[in-house]
Amino acid sequence: MAMEEQVKLIGWLRSPFVTRVRIALALKGIQYEFIEDDSENKSQLLLKSNPVHKKVPVLFHNGKIVCESMIIVQYIDETWDTNAPNLMPKDPYDRAIARFWAAFVDDKLALSVWGVLVGQGEKQQKAVEESLANFLLLEDALRASSCSGNAYFGGDEIGFADIALGGLLVTIKAIEKVTNTVLVDPEKTPLLCAWIDRFSQIDLVRGILPDPAKVLERVSHQRAKFTSALAGN
Amino acid sequence: MDIKFRLRISACVYKMQQVNEGGEEETMEVKLLLIRSSPFAMSCALALREKGVIFEAVEEKLNAKTDLLLRSNPVHKQVPVLIHNGKPVSQSLVILEYIEEAWPPSDTTPSLLPASAYDRSRARFWADFANKKFIDTGLKLMKRFGEEHATARKEIVEQFITMEEGMRAIGSVGPYFLGDKMSLADVALAPLVPWMTSFEALGELKFPGPEKCGRMHEWLNAMREDPHVVASVPTVDWLLEYTLNFREYIKKHHPGGI
């Protein structure tokens, strides 16, 4: 029984979290309508669809609503399970490793990098050190993966953990530029840098990664907002 | 599935595993590194019990972490850690998903995630909310004072109402988040049952009653009566004493909170 699939995605293109979902949808070859929303003036549709967090991305699929980027990516993988590629490995332990690193990106890495953006002086320096340490841990994870001959975190194709980190790449680069810091150092994390190049040059991904200029503009704006707030205290 | 039925299933699985341990070369070794005051660790203990998995609970001390913990979770150096046949899994939500997959649903093993991708996404959403929002606010209630504490008291009541609304939006049948079967959402939140009672006992806040939050109270009652939950989480008395001591200690050594 063929059912017309209706897939919609609410978000804004520069969001790293929206980028993750767009990559997953593209990998699976899913057609969808993108509904551009406004971070400064969130639509009623967004607020009603995600009343708990009021955040993007939000996926609509035949009237069902799914929130939280990596939960959406899992939903996509499980719903379109016959569309290659599989975004998660088969073995439960390998799946746990993929989930672990995706959670690490969200719970540790994203936080420390955000700390670099909004921090000043000693606080910022601490955030830089934490970010460097976090990227080193990702380097270790890649080394372990490449020992098994894998080009990506989970295998020889991009998967769950790659998507989790990949969504953030343009934003991380913009934060480095705006704060004049080096967080991803080719000398300290050569495997990670090679992974970044490889990931960014995949045709599908290249077309989806946000416009660096637009991300830079947003990140600069956020830096100004947070540093002026601090100055005012 | 009623409690007596589930106890019988657990007993069957226990017996099967005893036979296996006697007769096979392979060692089915399951260790859970935990501390009793960690709701993240307690949810993993609950999931293992739900699945009827026999495990060794290894109680860690945060100020004297064992080599095993540091080796098994070098990235975070935290509990909980599940060690299954020598392989470590860390981060409670990752562990819960692993438990569901390593001991998949069968005639004798219940599922902790529903069958449909959509329902699974909802279970994951509320498990994530329990961990990232509700427990996080609960920890603030433990660790902060003054205005920050007042904000946390207000937030946790709002989050309680959010979960009530979430349950109602999903459907009218309880007692669990997704209906009549336990899922990761319930497992993640269950350790907060005695916490909620102890927060109220400290006299600093009051969650809405059953008239306003009927589903949450139905859920709380179901959890309090569930033998696996009771076996996995601390008692209210233990938690009250722990909370009072903890806050005394912080007031003395870190009066600004931590």
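The values are calculated or read from the model by the stated rules, or taken from the named source; none is laboratory data. These numbers were taken from a predicted model, which means no experiment stands behind them. Note that we place each Cβ from the backbone using ideal geometry, even for glycine, and neighbour counts take in every protein chain shown.
B:A127 meets the conditions (1) surrounded by fewer than 20 Cβ atoms within 10 Å (Cβ to Cβ); (2) in contact (Cβ under 8 Å) with a residue 24 or more places away in the chain; (3) within 17 Å of B:P39 (Cα to Cα); (4) within 12 Å of chain A (Cβ to nearest Cβ) in every case but one. The failed one is (1). Just one of (1) modelled with pLDDT of 95 or more; (2) away from chain A (no Cβ under 13 Å) fails for B:E204. It is (1).
Which number in (1) under 22 Å from B:S183 (Cα atoms); (2) free of Cβ contacts under 8 Å to residues at least 60 places away in the same chain marks the one condition that B:L112 misses? Here B:L112 clears every test but (2).
Suppose the filter is more than 14 Å from chain B (Cβ to nearest Cβ), hydrophobic (A, V, I, L, M, F, W, C) and not in a loop (DSSP other than H, G, I, E, B); does A:V128 pass it?
Details: more than 14 Å from chain B (Cβ to nearest Cβ): yes; hydrophobic (A, V, I, L, M, F, W, C): yes; not in a loop (DSSP other than H, G, I, E, B): yes.
When the stated conditions are applied, A:V128 passes them.
Considering only residues in segment A:104-134 that are surrounded by 20 or more Cβ atoms within 10 Å (Cβ to Cβ) and out of contact with any helix residue (DSSP H, G or I) (no Cβ under 6 Å at 6 or more places or on another chain), the one that is farthest from A:I175 (Cα to Cα) turns out to be A:F104.
In this structure, does B:D67 turn out to be away from chain A (no Cβ under 14 Å), surrounded by fewer than 23 Cβ atoms within 10 Å (Cβ to Cβ), of a type in the set (D, E) and over 18 Å from the mean Cα position of the chain (by Cα)?
Details: away from chain A (no Cβ under 14 Å): yes; surrounded by fewer than 23 Cβ atoms within 10 Å (Cβ to Cβ): yes; of a type in the set (D, E): yes; over 18 Å from the mean Cα position of the chain (by Cα): yes.
In short, yes.
Can A:F135 be described as part of a helix (DSSP H, G or I) and touching a strand residue (DSSP E or B) at 6+ places or on another chain (Cβ under 7 Å)?
Numbers: part of a helix (DSSP H, G or I): yes; touching a strand residue (DSSP E or B) at 6+ places or on another chain (Cβ under 7 Å): no.
No; evaluated as a whole, the condition is false for this residue.
Residues in segment B:104-124 that are outside any helix (DSSP H, G or I), more than 9 Å from chain A (Cβ to nearest Cβ), under 18 Å from B:L46 (Cα atoms) and not polar (S, T, N, Q): B:P105, B:P110, B:L112, B:L113, B:P114. Exactly one residue out of A:K225, A:K214 is at pLDDT below 95, surrounded by fewer than 16 Cβ atoms within 10 Å (Cβ to Cβ) and not aliphatic (A, V, I, L, M): that is A:K225.
From the list B:A45, B:A117, the one residue that fits, being in contact with a Phe, Trp or Tyr (Cβ under 9 Å, 6 or more places away or on another chain) and more than 20 Å from B:L189 (Cβ to Cβ), is B:A117. Of the residues making up segment B:48-84, those that are out of contact with any Phe, Trp or Tyr (no Cβ under 7 Å at 6 or more places or on another chain), charged (D, E, K, R) and not in a helix (DSSP H, G or I) are B:E56, B:E59, B:E60, B:K61, B:K65, B:K77.
With respect to B:R49, is the statement that it is away from chain A (no Cβ under 13 Å), surrounded by fewer than 22 Cβ atoms within 10 Å (Cβ to Cβ) and under 30 Å from B:F207 (Cα atoms) true? So that I can check it myself, show each step before the final result.
Details: away from chain A (no Cβ under 13 Å): yes; surrounded by fewer than 22 Cβ atoms within 10 Å (Cβ to Cβ): yes; under 30 Å from B:F207 (Cα atoms): yes.
Yes: the conditions hold for B:R49.
For first residues located in segment B:95-108 and within 24 Å of B:L33 (Cβ to Cβ), partners that are of a type in the set (G, A, S) and at pLDDT 95 or above and lie 6+ apart or on another chain with Cβ distances below 6 Å form the pairs B:L96/B:A47; B:Y98/A:A96; B:I99/B:A47.
Annotation: B:E165 fulfils all but one of (1) acidic (D, E); (2) closer than 24 Å to B:G214 by Cα; (3) away from chain A (no Cβ under 12 Å); the unmet one is (3).
Residue by residue through segment B:85-100, note down the ones that are buried (at least 17 other Cβ atoms within 10 Å of the Cβ) and either assigned to a helix (DSSP H, G or I) or facing another protein chain (nearest Cβ under 8 Å) (or both). So that I can check it myself, show each step before the final result.
So in segment B:85-100, the residues buried (at least 17 other Cβ atoms within 10 Å of the Cβ) come out as B:88-100.
If the condition is that a residue be buried (at least 17 other Cβ atoms within 10 Å of the Cβ) and either assigned to a helix (DSSP H, G or I) or facing another protein chain (nearest Cβ under 8 Å) (or both), then B:V89, B:S90, B:Q91, B:S92, B:L93, B:V94, B:I95, B:L96, B:E97, B:Y98, B:I99, B:E100 are the ones that fit.
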